[in-house]
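Q: Take this structure first; my questions come after.
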């Protein structure tokens, strides 16, 4: 839909969360998410956490353990980039102008990459794009790890499920909105603009 048409026929309201509150809510939200995923993993695969099993793993994977910090850091950086790219790809599928409406960047003060859709989308489509990184990078690997006992998959999925806490907060803000309303990413704050008739 044309932004100028929305501005003329709809009332725009800013819905945002201040960064301090967002950080507090993110930590609060992470705890139940970690418990909901971590407890079933532990109960299903607690034999993986015995001292003997850990000693055998470390002995068999000395190089992996030695280089684990750089591997973890690189994996997280790539995952964060993929997180934003998945937002962009999903929103571009719904945006009239496709990838022309998607902007990527980095907030250098906090070294945080972001993806911003400049075009208003229906709430349903906006939420789909908002939750997709948590599904692809979080829930899916966590479930694979949970079913197979693969700790690396599970840890990756757990990390990227909790890393989507900010996305969950914005989705939570939209929970009572009319699904026929339109929403547009806020270009500089955590949140969005709602366009209501």
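What follows draws every value from the coordinates through simple rules; no lab data is involved. No experiment lies behind these values; they were computed from the predicted model shown. When we count neighbours, we look across all protein chains shown, and the Cβ atoms used for this are built from the backbone with ideal geometry, even at glycine.
Q: Starting from the Cα of residue 186, step 7 Å along the direction of its Cβ; do the same at residue 39; then give the gap between the two resulting points in nm.
A: 3.3 nm
Q: Add -39500 (n - 2.57) for each DSSP H run of 4 or more in the chain, then divide by its residues: what number comes out at 222 nm, to the nearest 500 deg cm²/dmol?
A: -19000 deg cm²/dmol
Q: Whole angstrom only: what separates the Cα centroid of the stretch 38-114 from the Cα centroid of the stretch 14-29?
A: Taking the Cα centre of each part, the stretch 38-114 and the stretch 14-29 sit 22 Å apart.
Q: So, R0 is 25 Å and r is the distance between the beta-carbons of residue 107 and residue 63; what FRET efficiency does that work out to, to 0.05?
A: 0.10
Q: Let me ask you something else. What order do you get for 169-177, 31-39 when each peptide is scored by the mean count of other beta carbon atoms within 10 Å, highest first?
A: 169-177, 31-39
Q: So for the chain, what are the equivalent ellipsoid semi-axes in whole Å, largest first, each being the square root of 5 times an eigenvalue of the Cα gyration tensor?
A: 38, 17, 14
Q: Given 37 °C and 0.692 mPa s, compute D for the stretch 25-128 with the Stokes-Einstein relation, Rh being the Kirkwood radius over Cα pairs; round to the nearest whole µm²/s.
A: 187 µm²/s
Q: What full-extension length gain, to one decimal in nm, is calculated for residue 12 and residue 122 as 0.36 nm per residue of separation minus the Cα-Cα distance?
A: Extending this stretch completely gives an extra 38.2 nm.
Q: Suppose each label sits 7 Å from its Cα in the direction of the beta carbon; what would the residue 148-residue 176 distance come out to in nanometres?
A: Those two pseudo-labels are separated by 4.3 nm.
Q: Hey, another quick one. Can you tell me the relative contact order of the stretch 1-159? Whole percent, Cα pairs under 8 Å, sequence separation 6 or more.
A: Taking the mean separation of contacting Cα pairs over the length of the stretch 1-159, I get 20 percent.
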